[in-house]
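The values are calculated or read from the model by the stated rules, or taken from the named source; none is laboratory data. This one's a predicted model, so the numbers in the text were calculated from it and none came from an experiment. With ideal geometry, Cβ positions are generated from the backbone for all residues, glycine too; neighbour counts draw on all protein chains shown. Calculation scope for accessible area: heavy atoms of the full protein, side chains included, ligands and nucleic acids excluded. Shrake-Rupley method; radii C 1.70, N 1.55, O 1.52, S 1.80 Å.
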Amino acid sequence: QVQLVEAGGGLVQAGGSLRLSCVASGRALSTYTMAWFRQVPGKEREFIAAVDWSSITDYAASLKGRFTISRVNVKNTVYLQTNSLKPEGTAVYYCAADRRFGLRATRLYEYWGQGTQVTVSS
């Protein structure tokens, strides 16, 4: 059974930064694509970025330049560096994993974490 555990969320002022992490356990996911999504209550879960096993990345156009995804395979960990945060970035941030790359639809991802709350104050 695969478990994904996110960490690093919290309260930050607008313009600030947070580094989120997601650790996978249960099996090695070094060949899996890892991704980050976020969800505001009452809205659909939104794709942020994905990184494949070789560190090829894919970003949502609206967030590219402010958010950076990276991974350390030997640690089974994926990171999301979030910079210049805005109040509309307040959401639960989720980590996901799947064998395939290029996916942006939530229903296609095989594994999910429980999420970490990010709150951006104005």
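Val78 meets the conditions (1) surrounded by fewer than 13 Cβ atoms within 10 Å (Cβ to Cβ); (2) at pLDDT 95 or above in every case but one. The failed one is (1).
On inspection, Lys43 passes the criterion of being surrounded by fewer than 12 Cβ atoms within 10 Å (Cβ to Cβ) and within 17 Å of Arg104 (Cβ to Cβ).
Scan the range 92-107 for residues that are closer than 10 Å to Phe37 by Cβ, open to solvent by less than 30 Å² (accessible area, probe 1.4 Å) and in contact with a Ser or Thr (Cβ under 8 Å, 6 or more places away or on another chain) and the total you get is 2. Checked against (1) in contact (Cβ under 8 Å) with a residue 60 or more places away in the chain; (2) not in a strand (DSSP E or B), Ser55 passes all but a single condition, namely (1). If you check Ser62 against the conditions, is it under 17 Å from Glu6 (Cβ atoms) and open to solvent by 20 Å² or more (accessible area, probe 1.4 Å)? When the stated conditions are applied, Ser62 does not pass them.
For the range 92-122, filtering for residues that are part of a strand (DSSP E or B), within 18 Å of Leu63 (Cβ to Cβ) and among the aliphatic types (A, V, I, L, M) leaves 4. Restricting attention to the range 68-91, the residues that are assigned to a strand (DSSP E or B) and in contact (Cβ under 8 Å) with a residue 60 or more places away in the chain total 4. For the range 66-75, the set of residues classified as farther than 18 Å from Val12 by Cα and either open to solvent by 40 Å² or more (accessible area, probe 1.4 Å) or touching a helix residue (DSSP H, G or I) at 6+ places or on another chain (Cβ under 8 Å) (or both) consists of Ser70, Val72, Asn73, Val74, Lys75, listed by residue number.
Assessment of the range 22-33 against the conditions (within 11 Å of the chain's Cα centre (by Cα), touching a residue at least 24 places away in the same chain (Cβ under 8 Å) and open to solvent by less than 60 Å² (accessible area, probe 1.4 Å)) yields at least one matching residue. Do we have any residue at all in the range 31-40 that's over 24 Å from Pro87 (Cα atoms) and in a loop (DSSP other than H, G, I, E, B)? Yes: one or more hits.
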